[in-house]
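Structure, as structure tokens:
The values are calculated or read from the model by the stated rules, or taken from the named source; none is laboratory data. Since this is a predicted model, take the numbers as computed values, not measurements. Counting neighbours? That spans all protein chains shown, and the Cβs are built from the backbone with ideal geometry, glycine included.
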């Protein structure tokens, strides 16, 4: 019965209801959008750091990352041997063998890092195939094709199809040397990759280093990068003692720090946004309830209990809040969708930024995250209730005569 | 004038509503201004550390040394260092010679990039050298002292005071070696720096390659970052015209830092736009409501002979006054907040581990604001304009009332 | 003459002559010549050698057969004969520049400064050793510190500002035949870091040469490099044109 009254009240004063509703909806939608863009930036940062080179998880000898010791190698089948095969969280597994050496030219040489990979598997873990500016990954797993960075290509003055000589110290003490043919060139924007990195077939590197059947690490990607640490904890007990899986936080401690700082500033901004939105809603709502004080006074004079008045207002608030929520969430979702698919491209003004081991692309885009919807929704409801509650209380406590007199 | 007084009185008829609205707008202005000033201060701080640890506000190079890093692109600096140092606004000029070399101890060897510097000048400016004790710095440009990163020292298995040998390719094609002794150690906490930094006097470094009197880079540090454009022009004028030596701004020399700031700023602007939009919605709402409930009153006013235009103007005036009031209050609050953030700032030290990197530069854990009055005033003006814009629809509505409709309204 | 006065003059004369006499060495040993001879024992004016090298490190066991030519102390060419996988890999040194030839890719590569610290062919001899080793007297002050019945012990301390990593080098040289027995390398804190010892002394023409040298990195007790000369010929008719980049390539 009260419910019907609440609805009727809202319907009766359409203009006021619509005004209040619109304010709430727009605020909520914009808030959701802002949060989506923030999450987008954050994901971009993380993705660039992990998906260009490191992966989300890396399996290797315990201190391999510190020293990159050539002799800390593992059996190439270590992943399938030790890791449980029912892992749906892991979306890509790439074994790698790393060699540091020189690309030699006539009178000079250029120090490089050659990463031996299986092209098909590597492309499931890193995304250099989306950053190609010429050619592509070596097609032949057993050949000598190489994918090199743009900065390196420029320094060496090579193009796709050209030959290069790679010289390194092999694991048996001899001078490892062989020819590579450039099959493709990538440009990530990160000078560390673009100026130093060469991707070559795993078999070729195993042969040049005299390490048949050996690798240094297994890089893996997860469906949800944020679950990297718990996944590593889950898998580590399965591995032999001197081998461990590190997550991206361990590999890139600077990135972890940046994210911590970023979280702080995000919290500040988000609080501000919530406050602004809350204030806007409070404003509108508060006023509309206040202005009905006279009306409530009359109702009370006619015999309605104060308790009923309060409930009535709260109900109206709830209904309004729920409707606003529904519409606001939908609008917010729609805008987030747009920003996710299309986004705003800033490439004209800014070039990619390398930042704590990752590279951020110059664009604004959004991602969908449950938290970005439920939290604002909850807050919206809360603020609405609060906004209606206070004046409702006040109205309920008034002397009917005074209330009626209020203008 | 009467209209003005009327508008003023109208605003205060519903004191509660007006105060709530004013608060909302003022608060948003305060937030936007304070956050902007905070970022302004933090960015300025980052730029300052960045240029001091890197290539200065303005850097002088030969040809495209910046991109190619080809050791061949060195140039004789002659009196350039002193000439540039004399320009108003220049705090210091740091000459640098970069030499790829081999560092050897009795146990280990490593490829390194040796940096030949002017010790006295470098000591004043370079933030990585700040922690060095008084006797920890290179004594002269010709001495055999070296300042080495802590990780590199470990890898070479030597300690401060011990000797090591550097070998590099001389201009004549042969290899030259020099004896150096570790004088000071740099332990910045940044892995990259600590495992690669070697500083020597430029005189000693030049002996390795046969490039005495030459440099690869002149890093110019300004006392005030805002003087960059004028000083740049003056520097360009002093450079010898016949050689391909040019001056480059830090934004081009350290694009990472510049772009990191731009990106952060762009996302901030996005957020501000959203905040202001939210506030505007609230304002429109308020104004509409106030117009709606005065329909009857307006009807009466029109009936007794006032023009619709007057009504519209009245509404706009009410909006403008509210806007101005809110802007004033908001700016005062914003100023107070800024004052606090300048004097005290936000200390991130507890929330974040020791060294933070952003765009390749170490982050000072205390975030401090910096006054940007021009921007603050602009925001205040925008808000007033927004308020006016928000009043447009309600004003039009008010103007369209016919006296009869209005008086019948409730 | 006053006896007292005469006694005083006599004693002064005596004292002076004793001092003068004791300042002169018993016989003038040219230490520098001694060391130079040791360092050049495998070179002569020119030389050709067939040698084998066994290297044992914690990561590999290698065995190489090589042929090498030298001229003075400034030119040096070595070519690998065995194992087959590394046949025709060659290294050329001219003064302080070093090149490697790699037959597999048929390229000559100049060794950059950053690689000079690296090991030569996986042994305990570095590229740098090849380039610098034979000019000891340029960078060190040599001094005979002990002489026993059978040996000379010569101490080499770096000259001020000499660009060398060692704190001290000690040579132990047999008197007859005059061949080195051992060389010890010390770091700046006088910790012994490296030892090379010589044995298998033989007569080649008019020279007496130890045909085997062993390099021991003392901080890795399981590792060593043994270089064994199988055949050594001196005073060949070659000059510096022989040590060219073209010869480096040609088998």
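Overview of results
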{"read-out": "Of all residues making up the range B:225-252, the number that are under 15 Å from the mean Cα position of the chain (by Cα) and either without any contact (Cβ under 8 Å) to a residue 24 or more places away in the chain or farther than 30 Å from residue A:38 by Cβ (or both)", "value": "5"}
{"read-out": "Some residue of the range B:71-78 being surrounded by 17 or more Cβ atoms within 10 Å (Cβ to Cβ) and part of a strand (DSSP E or B)", "value": "yes"}
{"read-out": "Failed criterion for residue C:102 (all others in (1) at pLDDT below 85; (2) in contact with a strand residue (DSSP E or B) (Cβ under 8 Å, 6 or more places away or on another chain) hold)", "value": "(1)"}
{"read-out": "Test result for residue A:401, in a helix (DSSP H, G or I), within 13 Å of chain B (Cβ to nearest Cβ), over 23 Å from residue B:268 (Cα atoms) and at pLDDT 75 or above", "value": "no"}
{"read-out": "Test: residue in the range C:124-134 that is over 30 Å from residue C:159 (Cβ atoms) and crowded, with 18+ Cβ neighbours inside 10 Å", "value": "no"}
{"read-out": "Strands (runs of 3 or more DSSP E) wholly inside the range A:136-252 containing at least 2 residues that are within 14 Å of chain C (Cβ to nearest Cβ) and in contact with a strand residue (DSSP E or B) (Cβ under 7 Å, 6 or more places away or on another chain)", "value": "A:163-169, A:175-186"}
{"read-out": "Candidate set from the range C:87-111 (those that are surrounded by 22 or more Cβ atoms within 10 Å (Cβ to Cβ) and farther than 16 Å from residue C:250 by Cβ); member that is nearest to the other protein chains (Cβ to nearest Cβ)", "value": "C:109"}
{"read-out": "Criterion: away from every other protein chain (no Cβ under 14 Å) and part of a loop (DSSP other than H, G, I, E, B) - qualifying residue of B:241, B:237, B:219", "value": "B:241"}
{"read-out": "Matching residues, the range B:133-150, being farther than 15 Å from residue B:201 by Cβ and either outside any helix (DSSP H, G or I) or in contact with a strand residue (DSSP E or B) (Cβ under 9 Å, 6 or more places away or on another chain) (or both)", "value": "B:133, B:135, B:149, B:150"}
{"read-out": "In the range B:179-190, residue surrounded by the fewest Cβ atoms within 10 Å (Cβ to Cβ) [restricted to those that are within 14 Å of another protein chain (Cβ to nearest Cβ) and in contact with a helix residue (DSSP H, G or I) (Cβ under 7 Å, 6 or more places away or on another chain)]", "value": "B:188"}
{"read-out": "Residue list for the range B:21-34, filter: within 9 Å of chain A (Cβ to nearest Cβ) and crowded, with 20+ Cβ neighbours inside 10 Å", "value": "B:21, B:24, B:27, B:28, B:31, B:32"}
{"read-out": "Residue count, the range A:103-122 (criterion: in contact with a strand residue (DSSP E or B) (Cβ under 8 Å, 6 or more places away or on another chain) and away from chain C (no Cβ under 14 Å))", "value": "9"}
{"read-out": "Candidate set: the range C:154-168, residues that are in a strand (DSSP E or B) and surrounded by fewer than 21 Cβ atoms within 10 Å (Cβ to Cβ); chosen: the one farthest from the other protein chains (Cβ to nearest Cβ)", "value": "C:155"}
{"read-out": "Matching residues, the range B:254-284, being within 7 Å of another protein chain (Cβ to nearest Cβ) and either over 29 Å from residue B:322 (Cα atoms) or part of a loop (DSSP other than H, G, I, E, B) (or both)", "value": "B:255, B:256, B:259, B:260, B:262, B:263, B:266, B:267"}
{"read-out": "Which listed residue is more than 27 Å from residue B:287 (Cα to Cα) and assigned by TED's automatic domain parsing to the domain that holds residue B:380, from B:112, B:42", "value": "B:42"}
{"read-out": "Failed criterion for residue B:109 (all others in (1) away from chain C (no Cβ under 14 Å); (2) within 24 Å of residue C:113 (Cα to Cα); (3) crowded, with 21+ Cβ neighbours inside 10 Å hold)", "value": "(1)"}
{"read-out": "Criterion (in contact with a helix residue (DSSP H, G or I) (Cβ under 6 Å, 6 or more places away or on another chain) and away from every other protein chain (no Cβ under 13 Å)) met by exactly one of C:136, C:145", "value": "C:136"}
{"read-out": "Selection status of residue B:166, assigned to a strand (DSSP E or B), surrounded by 20 or more Cβ atoms within 10 Å (Cβ to Cβ), free of Cβ contacts under 8 Å to residues at least 60 places away in the same chain and in the same structural domain as residue B:62 (by TED's automatic domain parsing)", "value": "no"}
{"read-out": "Counted residues, the range C:94-125 - those being free of Cβ contacts under 8 Å to residues at least 60 places away in the same chain and in a strand (DSSP E or B)", "value": "8"}
{"read-out": "Residues (within 12 Å of another protein chain (Cβ to nearest Cβ) and not in a loop (DSSP other than H, G, I, E, B)) located in the range C:42-81", "value": "C:53, C:54, C:55, C:56, C:61, C:62, C:63, C:64, C:80"}
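Matching residues to (1) over 19 Å from the mean Cα position of the chain (by Cα); (2) over 29 Å from residue C:79 (Cα atoms); (3) modelled with pLDDT of 95 or more; (4) not in a strand (DSSP E or B):
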| position | (1), (2), (3), (4) |
| --- | --- |
| C:152 | no, yes, no, no |
| C:171 | no, yes, no, no |
| C:183 | no, no, no, no |
| C:199 | no, no, no, no |
| C:226 | no, no, yes, no |
| C:233 | no, no, no, no |
| C:247 | yes, no, no, yes |
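Each row is one residue, and each column tells you yes or no for (1) more than 23 Å from residue A:45 (Cα to Cα); (2) assigned to a helix (DSSP H, G or I); (3) at pLDDT 75 or above; (4) not assigned by TED's automatic domain parsing to the domain that holds residue A:41.
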| site | (1), (2), (3), (4) |
| --- | --- |
| A:300 | yes, yes, yes, no |
| A:309 | yes, yes, yes, no |
| A:316 | yes, yes, yes, no |
| A:321 | yes, yes, yes, no |
| A:324 | yes, yes, yes, no |
| A:354 | no, no, no, no |
| A:376 | yes, yes, yes, no |
| A:391 | yes, yes, no, no |
| A:396 | yes, yes, no, no |
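The rows are residues; the columns are (1) more than 13 Å from chain C (Cβ to nearest Cβ); (2) under 28 Å from the mean Cα position of the chain (by Cα).
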{"site": "B:116", "(1), (2)": "yes, no"}
{"site": "B:141", "(1), (2)": "yes, no"}
{"site": "B:177", "(1), (2)": "no, no"}
{"site": "B:192", "(1), (2)": "yes, yes"}
{"site": "B:196", "(1), (2)": "no, yes"}
{"site": "B:203", "(1), (2)": "yes, no"}
